[in-house]
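Here the structure comes first, spelled out in structure tokens, and everything after it is commentary.
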Amino acid sequence: GCDYTYKEVPELDLRTKLAQEREVSGMYFLAANQPRSAFGGAGERANRRKLMLWCSLDAVSWQPLGTIAFGPCEKGARNYPQMAFCGEDLLIAVRSGDEHAKNEHDNNLITLHRIKNFRDLIEESGL
């Protein structure tokens, strides 16, 4: 079994959960859409096409680690990510869309993304 802690982050206006990777780093990770401005603003709508990986020491201050996925078109949203730690890798299942999706919310695909050696990104970020 894996050891997870899930917490809601209601102030982010993003439908996502964060996970704490307690076995090795103790860091919190969040897969979420990138805010339209550099760090977002109150009530600002996120860019649903760009799914980012973020990390934090305290689940309050967040550092972007990079882009997980970017949709191919306006309907190519990446929504409701779910993460799982798998050894040295991080797996993220995402409700996704392409040009055949009804709109940016009503997606037509499920995509799986693997970030190999995800802990290396922490060191590269300076945390």
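The values are calculated or read from the model by the stated rules, or taken from the named source; none is laboratory data. The structure presented is a predicted model; accordingly, all values stated were derived computationally and were not measured. With ideal geometry, Cβ positions are generated from the backbone for all residues, glycine too; neighbour counts draw on all protein chains shown. SASA here: full protein model, heavy atoms, side chains in, ligands and nucleic acids out. Shrake-Rupley method; radii C 1.70, N 1.55, O 1.52, S 1.80 Å.
Rounded to the nearest Hz, the phi-derived 3J(HN,Hα) couplings of the stretch 70-81 under the Karplus curve 6.51 cos²θ - 1.76 cosθ + 1.60 (θ = phi - 60°) are 9, x, x, 7, 4, 7, x, 6, 10, 10, 6, x, where x marks glycine and proline. Ranking C86, C55 from most to least accessible surface, computed with a 1.4 Å probe over the protein chains only, gives C86, C55.
Largest accessible area first, the residues R95, R78, R114, R22 order themselves as R114, R22, R95, R78 under a 1.4 Å probe with ligands, DNA and RNA left out.
Multiplying the residue separation of L127 and V24 by 0.36 nm and subtracting their alpha-carbon distance yields 35.6 nm.
Can you give the FRET efficiency to the nearest 0.05 for D106 and A84, using r as the Cβ-Cβ distance and R₀ = 25 Å? Working shown, then result.
Working: r = 25 Å, r/R0 = 1.00.
Efficiency at R0 = 25 Å is approximately 0.50.
In Å, the Kirkwood hydrodynamic radius of the stretch 75-127 over pairs of distinct alpha carbons?
Working: mean 1/r = 0.0818 Å⁻¹.
In the stretch 75-127 this quantity evaluates to 12.2 Å.
Over the stretch 53-93, the pair-distance histogram of Cα-Cα distances with 10 Å bins from zero comes to 22, 48, 27, 4 percent, rounded to whole numbers. If the segment from N117 to D58 were pulled out straight at 0.36 nm per residue, it would be longer than the present Cα-Cα gap by 19.1 nm.
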